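K.L.:
Sharing a structure, written as structure tokens. Questions coming.
The values are calculated or read from the model by the stated rules, or taken from the named source; none is laboratory data. Note that this is a predicted model, so its numbers are computed, not measured. Heads up, the Cβs are rebuilt from the backbone with ideal geometry, glycines too, and the neighbour counts pull from every protein chain shown.
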Amino acid sequence: MDRKRFIMTIAASGAGAIVGSNLLGKSDFAASSALSGKWDTESWDQVRSLFRLRSNVTYLNTGGLGPASQPVLDRVFEQSQTQAQIGEHYHNLFAPTRETAAAFFGVKPNEIAFVRNASEGNSVISSGLSLKKGDEVVFESHAHPGGSFAWMNRQKRDGVKVKIFEPSSASSEENLQRLFDKVTKRTRVIQVSHITATTGLIFDISAIAAEARRRGIWFHVDGAQSAGMIPINLKELGCDSYATSGHKWLNGPIETGLVYIAAERNDEVTCSYVGAYSNDEYELPSTFTYVDSAVRHEYGTRNAASVVGLQTAFELQNQIGRQRIADHGASLAQLVLEGLSEVKGLEILSPVDLAMRSSILTFRVPGVDCLTVSRGLSEEHKFRTRVVTERGLNGVRASWHVYHQEADALRYAEAVRSVVASL
Ligand SMILES: Cc1ncc(COP(=O)(O)O)c(C=O)c1O
């Protein structure tokens, strides 16, 4: 059944009316705070109270997984319950969420496809671009496996050549230089993490985008660590594509994410997977056309409850204030940095330059296994950090977000000092 016939059938069966009435807010749950989108977020105490995080452990691994807030959980539950009562896919709820997401990233709704995680979004791009043996792709050595493996796979499968550059924590100019030193006439794709998972380094995306465009190279951004941590306008940044997770700094439901593809370049990304909803029309065995948007990368039955939960996550961030969130996290990281500046035998791996530093702060104790340090922080001081074993960095990473406050940052700095002194 093609798309138009499917919609007509839904309408004729009356399911459209049921789905539509819920969309208009006439469900049993319309009065709940999750749907009305009004939360008290004036103080950080109030924001913290929206999360169920246990109080006896300070969770500092939002860069790994950002727990969903209560309003998000409520929305997922309510939508799941509605569907259990009524049935239906509720795919019509994707459109309003897509609009919210598009406004959030400064793009058009038809430039966004919902995926399950950042890795899948990165794979949509890496598997979809038409590349031949010997074509080159350049990315940074600190890329997360969710960003790098997709290209390693193309290297293995198709002979595409992977080239990596070492990021510099010294300056954005140095990074630009190091990246473009790797670029040759065969370079077809550049990818960077918007913010690296290792040290929280922020790449200068607009500068890279301008140079990539000048050279006619596709520029993809792995935004797993940036969406929800800092405000983002993808049109201003100027990349061709961007992928992110909903379950990190956005605090959306687990297994949510999205990929953005600039509309004018959409046809350059072949679909690796298709199914109902990818197509505009078909007639077996002769006709198959894609829907004219990035939505073609969505296919088959999806969990509408997760998608609307993600919408609530966007709304909550908007309400708290996106610049306020970014400033809050960065200032807590700064507080820790200052608290650790005098600690002997400790090395800060995150950039010192404020333009490149984010809400992530990573340090190491040279000569001491990062696991020993993070275990000390966890067992003796109840801080959940993340070790950075990639590229032999031997670091300990802390992610500072909306549920933390100054007192947490000060306690953490004190705990690190105490652990280092005991080594
Ligand atoms: C930069 C980066 N890319 C990709 C990923 C993978 O994210 P996901 O598990 O949502 O696919 C991560 C996860 O930490 C990451 O930090």
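K.L.:
List the number of the failed condition for S126; all other conditions in (1) in contact with a Phe, Trp or Tyr (Cβ under 7 Å, 6 or more places away or on another chain); (2) part of a helix (DSSP H, G or I); (3) farther than 17 Å from A262 by Cα hold.
P.N.:
(3)
K.L.:
Read through the list (1) outside the structural domain of T198 (by TED's automatic domain parsing); (2) of a type outside the set (D, E, K, R); (3) over 27 Å from D40 (Cα atoms), then give the number of the only condition that G64 fails.
P.N.:
G64 satisfies all of (1) outside the structural domain of T198 (by TED's automatic domain parsing); (2) of a type outside the set (D, E, K, R); (3) over 27 Å from D40 (Cα atoms) except (3).
K.L.:
List every residue pair whose Cβ atoms lie under 7 Å apart, where the two residues are 6 or more positions apart in sequence or sit on different chains, the first residue falls within segment 167-193 and is within 15 Å of V137 (Cα to Cα) and without any contact (Cβ under 8 Å) to a residue 24 or more places away in the chain, and the second residue, located anywhere, is surrounded by 14 or more Cβ atoms within 10 Å (Cβ to Cβ) and small (G, A, S).
P.N.:
R178/S168
K.L.:
One residue is enough: does segment 277-292 have a residue meeting the conditions under 30 Å from R214 (Cβ atoms), in contact (Cβ under 8 Å) with a residue 24 or more places away in the chain and either away from the ligand (no atom under 16 Å from the Cβ) or not in a loop (DSSP other than H, G, I, E, B) (or both)?
P.N.:
For segment 277-292, residues under 30 Å from R214 (Cβ atoms), in contact (Cβ under 8 Å) with a residue 24 or more places away in the chain and either away from the ligand (no atom under 16 Å from the Cβ) or not in a loop (DSSP other than H, G, I, E, B) (or both): present.
K.L.:
Okay, next question. How many residues does segment 380-423 contain that are of a type in the set (S, T, N, Q), within 25 Å of S49 (Cα to Cα) and part of a helix (DSSP H, G or I)? Show your work before the answer.
P.N.:
Let us first name the residues in segment 380-423 that are of a type in the set (S, T, N, Q), namely 385, 389, 394, 399, 405, 418, 422.
Pick out the ones that are also within 25 Å of S49 (Cα to Cα) and you get 385, 399, 405.
Restricting the remaining residues to those that are part of a helix (DSSP H, G or I) gives none.
Selection size over segment 380-423: 0.
K.L.:
Please determine whether any residue of segment 90-110 is within 12 Å of the ligand (Cβ to nearest atom), at pLDDT 95 or above and part of a helix (DSSP H, G or I).
P.N.:
Initially, segment 90-110 is screened for residues within 12 Å of the ligand (Cβ to nearest atom), giving none.
Looking for residues that are within 12 Å of the ligand (Cβ to nearest atom), at pLDDT 95 or above and part of a helix (DSSP H, G or I), one finds none in segment 90-110, hence no.
K.L.:
Tell me which residues, restricted to segment 121-135, are surrounded by fewer than 23 Cβ atoms within 10 Å (Cβ to Cβ) and within 16 Å of the ligand (Cβ to nearest atom). Walk me through how you get there before you give the answer.
P.N.:
Step one: filter segment 121-135 for residues surrounded by fewer than 23 Cβ atoms within 10 Å (Cβ to Cβ), giving 127-135.
The one that is surrounded by fewer than 23 Cβ atoms within 10 Å (Cβ to Cβ) and within 16 Å of the ligand (Cβ to nearest atom): S127.
K.L.:
Based on what the data block shows, is R75 buried (at least 17 other Cβ atoms within 10 Å of the Cβ), touching a residue at least 60 places away in the same chain (Cβ under 8 Å), within 16 Å of the ligand (Cβ to nearest atom) and under 21 Å from the mean Cα position of the chain (by Cα)?
P.N.:
no
K.L.:
Something else now. I'd like the residue in segment 26-72 that is part of a helix (DSSP H, G or I) and at pLDDT 90 or above and, out of all such residues, is surrounded by the most Cβ atoms within 10 Å (Cβ to Cβ). So that I can check it myself, show each step before the final result.
P.N.:
So the first thing to find is which residues in segment 26-72 are part of a helix (DSSP H, G or I), and the list is 33-36, 44-48, 70-72.
Still in the running and at pLDDT 90 or above: 44-48, 70-72.
Working: W44: 16, D45: 9, Q46: 12, V47: 24, R48: 15, Q70: 15, P71: 25, V72: 29.
In this case the residue turns out to be V72.
K.L.:
Residues in segment 274-297: is at least one over 30 Å from G200 (Cβ atoms), basic (K, R) and modelled with pLDDT of 95 or more?
P.N.:
Yes.
K.L.:
Any idea how many residues of segment 347-375 are assigned to a helix (DSSP H, G or I) and surrounded by 21 or more Cβ atoms within 10 Å (Cβ to Cβ)?
P.N.:
Of segment 347-375, the ones assigned to a helix (DSSP H, G or I) are 370-375.
Next, from what is left, pick out any that are surrounded by 21 or more Cβ atoms within 10 Å (Cβ to Cβ): 370, 373-374.
Result for segment 347-375: 3.
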